[in-house]
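Note sheet for the following structure.
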Amino acid sequence: MPAKSAAQTIRQPEKPAAQAAAKSPMVKAMEKLGLRRDIDLALHLPLRYEDETRITPLADARDGATVQVEATVVSCDVNFRPRRQLLVVVRDGAETCTLRFFNFYPSMQKLMAVGNTIRVRGEVRGGFLGWTMVHPTVSGATAPLPCALTPVYPTSAGLPQAYLRKAITGALGRVDLCETVAPELLPGARREPMWPLRAALQFLHHPEPDVSLATLEDHSHPAWQRLKAEELLAQQLSQLASRRARDRLRAPALRASAGGLHERLGAALPFALTDAQRRVCQEIAADLGQPVPMHRLLQGDVGSGKTVVAALAAAVCIDGGFQCALMAPTEILAEQHFRKLIGWLEPLGIVTAWLTGSQKAKERRSMLALIASGEAALVIGTHAVIQDKVVFHKLALAIIDEQHRFGVAQRLALRGKMRPPSQPETAAADGAGPAGAGPSEKVGASLQQEPHLLMMSATPIPRTLAMGYYADLDVSTIDALPPGRTPIVTKLVNESRRDEVVARIRDQLALGRQVYWVCPLIEESEVLDLANATETHAALSAALAGAGAGPLEVGLLHSRMPVAEKKAVMDRFVVGLMGVLVSTTVIEVGVDVPNASLMVVEHAERFGLSQLHQLRGRVGRGAAASACVLMYSTGDAPRLGETARARLKAMAETGDGFEIARRDLEIRGPGEFLGARQSGAALLRFADLALDAPLLEWARDAAQRMLERHPELATQHVARWLGGRAEFLKA
Ligand code: ADP
Ligand code: MG
């Protein structure tokens, strides 16, 4: 398909080209919706349809229905009370209807001159004074009725349906819709052949009036099936392609040496690895041993022990004579990793550098020098790790904790840290093209080099989602918790029983245990969040004064505190000087204080499911029996809303992160579940990963075969569907 210029593509077909030359606001509005090429317009499918194929006699109309009537104008007057309006009365048989227009033009008065027969479409209201319609659509009654349903497209302000309809109909007529998928690859090839693409698109834009609207709405109609199959195939193809591009990249092959750091770290650990940890360590080690960059997602429930796995991977890397970087989303978390890892690695002679945004310039400079010289074998920090000034001596492994908190660009930046600064980063993002994979392959050093990448996540992703979004990632899963953990008891408690909760805290303190109290999330108001946390902190301090034998200090932690202060508070809690830590959700991720045995979440109904699960995971990290109290309030309502109830119910019923993730997906749907960041522009428009698993399975398989048998069609297919969005899928 020859590329058409934007102006050509979006021109209203029947207008002369001169009018389309300058970009009209509507053209710009269409571009904003991603509608540039004819094919983009052809794939812009209706949200719903209106039936303009029939005329309803006014006598048959029902109150509140949207109908199209044909009637004769009886009167047409401008009224000034109660406000300026055009009042038109039309007659259809014995019935009359009053049309009201608050904005009108002389041309409308002409169209609706007394005696004219007009076609009027809109919502009719039956009232005391007979039928009325406010701002109906009016046209002359001469044109033949359409024979297909009228599509209603997703649009934006300033882009009228009529304009979009014309543009799309024009594009549909021009666009090349040759089949890219060989018939034998299509699902159900033998039993029930799929609709051809052109027929499916024609149908979805202009369905016949007798179609079952339900099958169009729930996307189960065969025409929709075809479109979803196409879309999923494009997504899988694009992921396969980026995977192959990655296979052409190079990374240092890393192996642990006998008697080296890896072995010594293993021997020095205060615990034995679980079987699950050992298994994922082997999977990671196998990847690291290859001269191709690893892209592995390590998922495991909160508390499953991912950090030690990361440390062992780092040790393999350091053993090989290279540097390892670990990036965490928050300063608290980065600091915690830092502490844990230096505790393990410093005694073994490893120098670790620490990078964070809040660091003093002098300290930063000395850290940067350690990193550039290669003296620091391990670098731990926040986003500061990917800043331009950070130049590694020889980075070979990048680890990202809580990876879902980072965006695609940040992951790319970390991957780019291996190249010398002079080399542009985009080269790696494109993957090595055919040129990069040419005869120079043997040379190794001259090939595109990237570090191995290990991403960690405590939000396990159900299998279909992983397949849909992570075809380019290998996944390792820690599916068991370390031994000796007692399950966390979860209690749902009405806010009215707050006193009982405070009594429970007192009990825990008396046993020498520590407690988290998480304050409610107040949407879009950090100020209110803070006010609330401060108040709770004061109330708890008073209520717990003189309680029991444990550490009595009640601390406050919130996101607006200066970093140093946050750190000081966290320090006191970690070492056990503080009994209760009141906080906003800053503690959500990764904080590890094994002596904490009670987690109280206030207004739990306002939190998301995976967030609650993460919070709960802060306790139950030691051997002590732990509990999580989810305090809810119904506010002024008699009871909780449905989704809030579903979330709390899931929390009370299961402690298994995978089950929680499954339910979360069920409650929120895949788009929300993954979050925009996670998926970039990869969100599917038509297919639904939760509902279309069979099609997804097909697409995965078909993508493989298509790439092998018809690579040129595969390229064409991806270009058709993803156009400029293809590169977003690559990270
Ligand atoms: P997460 O997977 O949530 O990041 P962590 O790595 O913080 O979990 O581990 C949670 C706690 O479990 C830590 O205190 C860690 O030292 C401990 N731990 C990890 N592995 C084991 C093990 N095999 N046996 C006992 N304790 C372990
Ligand atoms: Mg962790």
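The values are calculated or read from the model by the stated rules, or taken from the named source; none is laboratory data. Keep in mind the model is a prediction, meaning the values are calculated, not measured. Here the Cβ positions follow ideal geometry from the backbone for every residue, glycine too, while neighbour counts run over all protein chains shown. Keep in mind that these areas ignore ligands, DNA and RNA; they rest on the heavy atoms of the full protein, side chains included. Shrake-Rupley method; radii C 1.70, N 1.55, O 1.52, S 1.80 Å.
Hey, among A276, A315, A285, which residue is surrounded by 15 or more Cβ atoms within 10 Å (Cβ to Cβ), within 16 Å of ligand 1 (Cβ to nearest atom) and within 30 Å of D656 (Cβ to Cβ)?
None of the others qualify; the one that does is A276.
Please state which of the following conditions T356 fails to meet, knowing it meets all the rest: (1) more than 16 Å from ligand 1 (Cβ to nearest atom); (2) more than 22 Å from the chain's Cα centre (by Cα); (3) closer than 25 Å to L254 by Cβ; (4) open to solvent by less than 10 Å² (accessible area, probe 1.4 Å).
Single failed check for T356: (3).
Has the range 437-454 got any residue that is touching a His at 6+ places or on another chain (Cβ under 9 Å), within 16 Å of ligand 2 (Cβ to nearest atom) and either at pLDDT 65 or above or aromatic (F, W, Y) (or both)?
yes
Going through E192, E179 one at a time, which residue ends up being closer than 21 Å to L237 by Cα and part of a loop (DSSP other than H, G, I, E, B)?
After applying the criteria, what remains is E179.
All but one of (1) open to solvent by 10 Å² or more (accessible area, probe 1.4 Å); (2) within 15 Å of ligand 1 (Cβ to nearest atom); (3) more than 23 Å from E402 (Cβ to Cβ) hold for L640, so report the exception by its number.
Here L640 clears every test but (2).
How about the range 9-50: which of its residues are at pLDDT 85 or above, in contact with a Pro (Cβ under 9 Å, 6 or more places away or on another chain) and in a loop (DSSP other than H, G, I, E, B)?
H44, L45, P46, L47
Would you confirm, using the coordinates I've provided, whether T142 is of a type outside the set (A, V, I, L, M, F, W, C) and open to solvent by less than 30 Å² (accessible area, probe 1.4 Å)?
For T142, the condition - of a type outside the set (A, V, I, L, M, F, W, C) and open to solvent by less than 30 Å² (accessible area, probe 1.4 Å) - is not met.
Could you check, for the range 181-191, whether at least one of its residues is at pLDDT 90 or above and either of a type in the set (V, I, T) or farther than 23 Å from I55 by Cα (or both)?
no
State yes or no: is R119 open to solvent by less than 40 Å² (accessible area, probe 1.4 Å) and basic (K, R)?
Yes: the conditions hold for R119.
Please determine whether any residue of the range 170-177 is open to solvent by 70 Å² or more (accessible area, probe 1.4 Å) and under 40 Å from the mean Cα position of the chain (by Cα).
yes
Which residue pairs have Cβ atoms closer than 7 Å, lie 6 or more positions apart in sequence or on different chains, and pair a first residue in the range 330-344 that is farther than 21 Å from S559 by Cβ with a second residue that is within 15 Å of ligand 2 (Cβ to nearest atom)?
K340/T307; L341/A311; L341/I380; W344/A311
Which one is nearest to ligand 1 (Cβ to nearest atom), of the residues in the range 298-312 that are open to solvent by less than 10 Å² (accessible area, probe 1.4 Å) and of a type in the set (V, I, T)?
V308
For L298, indicate whether it is within 16 Å of ligand 2 (Cβ to nearest atom) and within 30 Å of K394 (Cβ to Cβ).
Taking the combined requirement at face value, the residue satisfies it.
Cβ contacts < 6 Å: first residue among the hydroxyl-bearing types (S, T, Y), restricted to the range 557-578; second residue part of a helix (DSSP H, G or I), any location; separation 6+ or different chain. Result?
From residues that are among the hydroxyl-bearing types (S, T, Y), the pairs are S559/V586.
Would you check if A234 is on the phi < 0 side of the Ramachandran plot, under 22 Å from the mean Cα position of the chain (by Cα), open to solvent by less than 10 Å² (accessible area, probe 1.4 Å) and among the small types (G, A, S)?
So A234 passes the test.
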